[in-house]
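The values are calculated or read from the model by the stated rules, or taken from the named source; none is laboratory data. Worth saying up front: this structure is predicted, and the values here are computed from it rather than measured. Here the Cβ positions follow ideal geometry from the backbone for every residue, glycine too, while neighbour counts run over all protein chains shown.
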Amino acid sequence: MNLHYLLKLIIEAFFVGILTVLVGSLITFCLSSNYLIPKISKDCKNYNKYFIREITLFLTGFCIHIFCEMVGLNTWYIKNSAAQLINLNK
(Lines give C-alpha, C1' and ligand atoms only; values in the text may rest on other atoms or scores of the structure.)
Protein backbone atom coordinates (compact mmCIF):
# COMPACT_ATOMS: atom_id res chain seq x y z
CA MET A 1 0.00 0.00 0.00
CA ASN A 2 1.29 3.41 -0.84
CA LEU A 3 0.95 6.60 1.18
CA HIS A 4 -1.44 8.23 -1.31
CA TYR A 5 -3.85 5.28 -1.03
CA LEU A 6 -3.75 5.34 2.78
CA LEU A 7 -4.35 9.09 2.87
CA LYS A 8 -7.36 8.82 0.55
CA LEU A 9 -8.72 5.90 2.61
CA ILE A 10 -8.41 7.90 5.85
CA ILE A 11 -10.13 10.92 4.25
CA GLU A 12 -12.96 8.71 2.96
CA ALA A 13 -13.32 7.07 6.37
CA PHE A 14 -13.40 10.50 8.02
CA PHE A 15 -16.30 11.61 5.85
CA VAL A 16 -18.14 8.33 6.36
CA GLY A 17 -17.70 8.88 10.11
CA ILE A 18 -19.08 12.43 9.88
CA LEU A 19 -22.03 11.24 7.79
CA THR A 20 -22.72 8.50 10.34
CA VAL A 21 -22.82 11.12 13.12
CA LEU A 22 -25.21 13.33 11.16
CA VAL A 23 -27.57 10.54 10.14
CA GLY A 24 -27.39 8.85 13.56
CA SER A 25 -28.11 12.13 15.35
CA LEU A 26 -31.03 12.89 13.03
CA ILE A 27 -32.50 9.44 13.60
CA THR A 28 -31.99 9.80 17.36
CA PHE A 29 -33.72 13.19 17.30
CA CYS A 30 -36.66 11.89 15.26
CA LEU A 31 -37.15 8.85 17.46
CA SER A 32 -36.76 10.72 20.74
CA SER A 33 -39.20 13.45 19.70
CA ASN A 34 -41.88 10.88 18.83
CA TYR A 35 -41.67 8.73 21.95
CA LEU A 36 -42.46 9.53 25.54
CA ILE A 37 -39.23 9.86 27.45
CA PRO A 38 -39.33 8.35 30.94
CA LYS A 39 -38.09 10.39 33.88
CA ILE A 40 -34.44 9.62 34.48
CA SER A 41 -31.87 10.80 36.99
CA LYS A 42 -29.77 13.90 36.40
CA ASP A 43 -26.66 11.76 35.96
CA CYS A 44 -28.30 9.83 33.14
CA LYS A 45 -29.48 13.03 31.46
CA ASN A 46 -25.86 14.21 31.31
CA TYR A 47 -24.50 11.00 29.76
CA ASN A 48 -23.73 12.83 26.53
CA LYS A 49 -22.00 15.75 28.22
CA TYR A 50 -18.72 14.83 26.53
CA PHE A 51 -20.29 13.94 23.15
CA ILE A 52 -19.96 10.20 23.75
CA ARG A 53 -22.80 9.43 21.32
CA GLU A 54 -21.22 11.48 18.53
CA ILE A 55 -17.76 10.04 19.12
CA THR A 56 -19.18 6.52 19.13
CA LEU A 57 -21.11 7.14 15.91
CA PHE A 58 -18.04 8.67 14.25
CA LEU A 59 -15.81 5.76 15.20
CA THR A 60 -18.50 3.33 14.05
CA GLY A 61 -18.67 4.87 10.57
CA PHE A 62 -14.88 5.25 10.38
CA CYS A 63 -14.23 1.64 11.37
CA ILE A 64 -16.95 0.27 9.09
CA HIS A 65 -15.38 2.07 6.13
CA ILE A 66 -11.88 0.76 6.94
CA PHE A 67 -13.28 -2.76 7.47
CA CYS A 68 -15.19 -2.67 4.16
CA GLU A 69 -12.02 -1.62 2.37
CA MET A 70 -9.94 -4.35 4.03
CA VAL A 71 -12.34 -7.20 3.18
CA GLY A 72 -13.01 -5.99 -0.37
CA LEU A 73 -16.60 -4.84 0.13
CA ASN A 74 -15.88 -1.41 -1.37
CA THR A 75 -14.51 -3.02 -4.55
CA TRP A 76 -17.53 -5.32 -4.75
CA TYR A 77 -19.85 -2.33 -4.25
CA ILE A 78 -18.19 -0.35 -7.03
CA LYS A 79 -18.72 -3.26 -9.44
CA ASN A 80 -22.25 -4.19 -8.31
CA SER A 81 -23.95 -0.99 -7.18
CA ALA A 82 -27.17 0.39 -8.61
CA ALA A 83 -25.19 3.42 -9.83
CA GLN A 84 -22.98 1.07 -11.84
CA LEU A 85 -26.09 -0.30 -13.58
CA ILE A 86 -27.02 3.23 -14.62
CA ASN A 87 -23.51 3.80 -16.01
CA LEU A 88 -23.65 0.53 -17.97
CA ASN A 89 -26.94 1.53 -19.61
CA LYS A 90 -25.61 4.85 -20.94
Restricting the search to region 5-62, which residues are touching a Ser or Thr at 6+ places or on another chain (Cβ under 8 Å) and of a type in the set (Val, Ile, Thr)?
THR20, THR60
Considering only region 17-24, I want to know if a residue exists there that is surrounded by fewer than 12 Cβ atoms within 10 Å (Cβ to Cβ) and at pLDDT 75 or above.
no
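Regarding LEU31, is this residue surrounded by 11 or more Cβ atoms within 10 Å (Cβ to Cβ) and either among the hydrophobic types (A, V, I, L, M, F, W, C) or within 22 Å of LEU6 (Cα to Cα) (or both)? If you could, list the steps in order and put the result at the bottom.
Numbers: surrounded by 11 or more Cβ atoms within 10 Å (Cβ to Cβ): no; either among the hydrophobic types (A, V, I, L, M, F, W, C) or within 22 Å of LEU6 (Cα to Cα) (or both): yes.
For LEU31, the condition - surrounded by 11 or more Cβ atoms within 10 Å (Cβ to Cβ) and either among the hydrophobic types (A, V, I, L, M, F, W, C) or within 22 Å of LEU6 (Cα to Cα) (or both) - is not met.
How many of the residues making up region 26-72 are in a helix (DSSP H, G or I), farther than 22 Å from ILE10 by Cα and not aliphatic (A, V, I, L, M)?
Residues of region 26-72 that are in a helix (DSSP H, G or I), as a first pass: 26-34, 42-45, 52-71.
Filter once more, keeping what is farther than 22 Å from ILE10 by Cα: 26-34, 42-45.
From what's left, not aliphatic (A, V, I, L, M): 28-30, 32-34, 42-45.
Total satisfying the criteria: 10.
For region 37-77, what are the residues that are among the acidic types (Asp, Glu) and loosely packed, with under 12 Cβ neighbours inside 10 Å?
Passing the criteria: only ASP43.
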Please identify the pairs in which a residue from region 1-23 that is more than 16 Å from MET70 (Cβ to Cβ) has its Cβ atom under 6 Å from the Cβ atom of a residue that is acidic (Asp, Glu), counting only partners at least 6 apart or on another chain.
VAL21/GLU54
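Let's see how each residue does on (1) modelled with pLDDT of 80 or more; (2) among the basic types (Lys, Arg); (3) touching a strand residue (DSSP E or B) at 6+ places or on another chain (Cβ under 7 Å):
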position	(1), (2), (3)
ASN34	no, no, no
ILE37	no, no, no
LYS42	no, yes, no
LYS45	no, yes, no
LEU59	yes, no, no
CYS63	yes, no, no
VAL71	yes, no, no
TYR77	yes, no, no
